[in-house]
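Notes for the one structure printed next.
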Amino acid sequence: MVLKLVGLIVPLGLDTFAVAAALGLAGLPRVARLRVSLLFTAFEMGMPLVGFFGGRLAGAVAGNAADFLAIVILIGLGLFMLRPGTEEQDQARAGMLAKTRGVAALGLGISISVDELAIGFTLGLLRLPIVLVIVLIGLQTFLLTQVGLRLGARVGERIREGAERLAGLALALLGVVLLLEKLLH
């Protein structure tokens, strides 16, 4: 269970750090850093819950195929994160989120938390306690957003991009391990 938990939380943390570091280049004031950290945390804790309940519904409909669907989503998410250009879109959305309020902030928050939505679909497959996962996601999001925002100007672009790609690779590999585990049992 611990390895699955680490395999899930660490890539999300790397992704959060990469987006926050890009925002940190703008040198946000202290109040804005706290607001962005709280917004990121709220969305990145909420989206896995939406995915979890959506995944349960899909699992009821898809039956045994639901595990394979969750694996495909996890591998697909990892591969999507490896594509060049996706981090620039996330950075632009995150930058707008830092300045936006109300319904627009809700839409932007959802758009930068799609990877957590996909993770939510796979939580049932991973058989991890949902409350523990959500709390850990929240803690890592708040902490790594603060670190990324503060160090963004000092962290090189290559390190930020490397963190994003490492996160995608880790999620894709977790999906492959789960697929092999499923096929061998």
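The values are calculated or read from the model by the stated rules, or taken from the named source; none is laboratory data. It should be emphasised that the depicted structure is a prediction, and the values quoted were computed from it without experimental measurement. Positions of Cβ are generated from backbone atoms using ideal geometry, with glycine treated the same way; all protein chains shown enter the neighbour counts. Side chains included, ligands, DNA and RNA excluded: accessible areas come from the protein's heavy atoms. Shrake-Rupley method; radii C 1.70, N 1.55, O 1.52, S 1.80 Å.
Tabulated data
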quantity	calculated
Carbon plus sulfur fraction of accessible area for the range 1-66, probe 1.4 Å, in percent	75
Label-point separation in nm, LEU3 to VAL177, each point 7 Å along Cα→Cβ	0.6
Potential extension, LEU151-VAL31 segment - 0.36 nm per residue separation minus Cα distance	41.6 nm
